[in-house]
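To start, the structure itself, in structure tokens.
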Amino acid sequence: MTRVMQECLTRAEASRRCGEEPSRLATQAGCDHSAHIAMDGKTMRGTLSHEAANQPSVHLLSLYEVKTGTVLAQRAVQTKENEISAAPALVTPELIKGRIYSADAMHTQKKWCWQVIGAEGDYLLIAKHNQATLREDLVLFLDDPEADRRCWQTASPCNKGHGRLEKRTLIATTELNEFLARDWAGVGQVFRLERTVLKKGVWHTTVVYGLTSLSPKRASAQRLLELNRGHWGIENRSHWRRDVTLGEDHSQVRSGCAPQVLAALNNTVLALMDFLHVPNVPNQMRFYQAHPLEALRLLLVKL
């Protein structure tokens with residue numbers, strides 16, 4: 001079902017952007033529009049705490065196209081596996097080739113990186129304590145006050161909004177590539193990202209370290225910042241809206257494949273809203289509830 005809706009939305013997006021010239025999708029701008037995919041998991045909380053054998057808890061791992069808001073694929077994580085063992089099933093050449101995959105620190109795994117590179121894709125990952133040696137190497141090198149940084153790239157934008165001031169500083173270098181290449185397939189550069197936020201008069205600072213297969217020529221420090229920030233779209237624009245706007249966490253649908261079908265329908269609703277550039281999803285949903293023929297016209301005419 002996810003595949004069918006994804007293909008439908010992709011055709012609609014291509015028609016809107018390219019009209020009668022589908023070859024425009026093959027241009028650099030066309031490829032960039034669908035290049036970034038975020039991978040993350042979400043537990044459907046309404047399926048928790050049920051003892052019946054036919055009602056196990058449901059945790060879904062999804063691939064989310066950041067710029068279009070479309071979920072390209074989702075997979076239920078089985079009872080005796082976790083996200084790490086479930087992820088390879090989603091890393092298929094059809095979905096990976098020519099795209100950039102970002103994921104949280106759990107998926108910073110050597111085998112996964114080799115699989116992405118083997119399928120002609122790229123990765124952008126964060127190194128935390130599940131990869132303690134990698135993180136230690138990055139900290140020692142990138143935090144060295146005596147390091148020669150003349151060839152390093154830097155981006156440091158400031159943003160103000162939602163009652164807070166945020167400064168993000170990213171430094172990136174290729175000087176660890178040779179050292180890391182044996183274990184981390186295709187490494188193109190490593191980076192240090194510092195976020196400093198002023199909220200209610202108090203400064204909060206966090207620092208993360210990561211690596212990517214993208215070379216500096218393909219992704220500047222500014223581009224890496226954009227990709228890091230874009231990754232959280234799967235949390236803010238997909239998972240959060242499914243829970244809060246569509247009430248998914250309160251749903252008691254839990255038997256068989258029904259939870260996965262519900263998630264697929266919710267993904268489709270949100271992707272449609274993004275396709276239509278709807279600024280307020282709850283208001284638009286109330287409109288369609290009061291005018292069901294308009295909702296039907298949207299599905300039959302717009303798509």
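For this structure, a couple of remarks:
- In the condition set (1) touching a Ser or Thr at 6+ places or on another chain (Cβ under 7 Å); (2) not in a strand (DSSP E or B), Leu124 is compliant with all but (2).
- Thr245 meets all of the listed conditions (1) of a type in the set (S, T, N, Q); (2) open to solvent by 10 Å² or more (accessible area, probe 1.4 Å); (3) closer than 26 Å to Asp122 by Cα but one, namely (3).
- Complete set of residues in the range 127-172 that are closer than 18 Å to Val197 by Cβ and outside any loop (DSSP other than H, G, I, E, B): Ala155, Cys158, Asn159, Lys160, Gly161, Arg164, Leu165, Glu166, Lys167, Arg168, Thr169, Leu170
- Number of the condition not met by Phe191 [criteria: (1) open to solvent by 20 Å² or more (accessible area, probe 1.4 Å); (2) under 20 Å from the mean Cα position of the chain (by Cα); (3) closer than 19 Å to Ala105 by Cα]: (1)
- Under the condition of being assigned to a helix (DSSP H, G or I) and small (Gly, Ala, Ser), the residues counted in the range 228-255 number 3.
- The residues listed here are Val253, Val261; of these, the one that is over 21 Å from Leu299 (Cβ atoms) and not acidic (Asp, Glu) is Val253.
- Restricting the range 55-89 to residues that are closer than 19 Å to Gln115 by Cα and of a type in the set (Ser, Thr, Tyr) leaves a set whose member that is most open to solvent (accessible area, probe 1.4 Å) is Ser85.
- Considering residues of the range 167-188 that are of a type in the set (D, E, K, R) and touching a Pro at 6+ places or on another chain (Cβ under 8 Å) only, the residue least open to solvent (accessible area, probe 1.4 Å): Arg168
- Some residue of the range 178-195 being in a strand (DSSP E or B), of a type in the set (S, T, N, Q) and at pLDDT 95 or above: yes
- With respect to the conditions (1) at pLDDT 90 or above; (2) under 19 Å from Val261 (Cβ atoms); (3) of a type outside the set (A, V, I, L, M), Thr108 falls short on a single one, namely (2).
- Subset of the range 263-287 that is open to solvent by less than 40 Å² (accessible area, probe 1.4 Å) and among the aliphatic types (A, V, I, L, M) - its residue that is modelled with the lowest pLDDT: Leu272
- Check on Glu235, among the acidic types (Asp, Glu) and closer than 18 Å to Ala38 by Cα: yes
- Subset of the range 194-219 (residues that are open to solvent by less than 70 Å² (accessible area, probe 1.4 Å), of a type outside the set (Phe, Trp, Tyr) and within 17 Å of Leu142 (Cα to Cα)): Glu194, Arg195, Val207, Val208, Gly210, Leu211, Thr212, Pro216
- Restricting attention to the range 107-130, the residues that are touching a strand residue (DSSP E or B) at 6+ places or on another chain (Cβ under 9 Å) and either buried (at least 17 other Cβ atoms within 10 Å of the Cβ) or more than 17 Å from Asn228 (Cβ to Cβ) (or both) add up to 14.
The values are calculated or read from the model by the stated rules, or taken from the named source; none is laboratory data. Nothing here was measured: the structure is a model prediction, and the numbers come from that model. Don't worry about glycine lacking a Cβ; one is built from the backbone with ideal geometry, like all the others, and counts go over all protein chains shown. Just the protein is used for accessible areas: all its heavy atoms, side chains included, with ligands, DNA and RNA removed. Shrake-Rupley method; radii C 1.70, N 1.55, O 1.52, S 1.80 Å.
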